Amino acid sequence: MLRHGLIATLLLAGCAAMAQTPPCLIVYGHGRNLGSEAENLAWDRLNLRFNQQVAASLDAAGRRVVPMLLRVGSSDLAATLEAVLGEAQRQGCELVVDTAVFADDANAALVLRLRVHPLLPALGPRAGARLPRVGEAIYTSQRDFDFSPRVLERLKLDQLAQEMTAGYLADTAAKP
């Protein structure tokens, strides 16, 4: 009887520890607008600030965050995807939060976007230890602004990142 009580206690303690571990999210960002060295550095700074603020807001909400950010010049998308998915698998993450600040030249717009994607199991009967795959976005928040020096000077990037993250957190709290 004592043995059964001990096993039950250990199982309950293990379940309680798992329940206390916050969900893991990869907060991934990547610059898109390749230009001069000075322009690339400016885009990298904007993407870094936005990504860091989203990660900090998620962390403050009790989520376990694994930030990943690539510079504008990173162009090997296959290697990037493998790195993101590999880290997600190592960390036990179930979601990728994609952050981006970029210029939409066709519409003369500055775009801030936050998208959340589930990570799904690899497909196939012999998937084994293969990396997960990225599912369709389950949440998207996007803000578009006129792309002008005046807007860039007045842009409240940290505040916008907090608001967009709060929208995601409210959306997930509202779902059963």
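The values are calculated or read from the model by the stated rules, or taken from the named source; none is laboratory data. Predicted model, so just to flag it, every value in this text is computed and none were measured. Note that we place each Cβ from the backbone using ideal geometry, even for glycine, and neighbour counts take in every protein chain shown. Accessible surface is based on the protein model in full, side chains and every heavy atom, while ligands, DNA and RNA are left aside. Shrake-Rupley method; radii C 1.70, N 1.55, O 1.52, S 1.80 Å.
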Rounded to the nearest 10 Å², what accessible area does Y168 show when all protein chains are kept and the probe is 1.4 Å?
10 Å²
Here the range 54-67 yields Karplus 3J(HN,Hα) values (6.51, -1.76, 1.60; θ = phi - 60°; whole Hz; Gly and Pro given as x) of 4, 4, 5, 5, 5, 4, 5, 8, x, 8, 8, 10, 10, x
Under 20 Å by backbone N from the virtual spin label 7 Å along Cα-to-Cβ at E153, the residues of the range 36-80 are 39, 42-43, 46
What are the ³J(HN,Hα) values, in whole Hz, obtained from phi via the Karplus relation 6.51 cos²θ - 1.76 cosθ + 1.60 with θ = phi - 60°, for each residue of the range 144-158 in sequence order, with x given for Gly and Pro?
10, 10, 4, 8, 8, x, 4, 5, 4, 5, 9, 5, 9, 4, 5
So what are the ³J(HN,Hα) numbers for the range 101-107, from phi and the Karplus equation (6.51, -1.76, 1.60; θ = phi - 60°), rounded to whole Hz, Gly and Pro as x?
10, 7, 9, 9, 4, 4, 10
Report the extension gain between D146 and A38 in nm, rounded to one decimal, defined as 0.36 nm multiplied by the number of residues separating them, less their alpha carbon distance.
36.8 nm
Tell me, what % of the accessible area of the range 30-176 is carbon and sulfur with a 1.4 angstrom probe?
52 percent
Please find the FRET efficiency linking A83 to A174, where r is the Cβ-Cβ separation and R0 is fixed at 25 Å, and quote it to the nearest 0.05.
0.15
I'd like the Kirkwood hydrodynamic radius of the range 53-162, using the inverse of the mean 1/r over distinct C-alpha pairs, in Å.
15.9 Å
Once amide H atoms are placed 1.01 Å from N in the peptide plane, what residues at a sequence separation of 5 or more from Y139, or on another chain, have their amide H within under 5 Å of its amide H?
V116
Accessible area per residue of the range 136-176 at 1.4 Å probe, in Å²?
69 Å²
The answer for L70, listing residues at least 5 apart or on another chain whose modeled amide H is closer than 5 Å to its amide H, is G29, H30, G31
Using packing as a proxy for protection, rank 149-158, 34-43, 113-122 so that the peptide with the highest average count of other Cβ atoms within 10 Å comes first.
113-122, 34-43, 149-158
Spelling it out for F147: with amide H atoms placed in the peptide plane at 1.01 Å from N, the residues 5 or more places away or on another chain with amide H under 5 Å from its amide H are A109, L110
With r as the distance between the Cβ atoms of R90 and V111 and R0 = 30 Å, compute the FRET efficiency 1/(1 + (r/R0)^6) and round to 0.05.
0.45
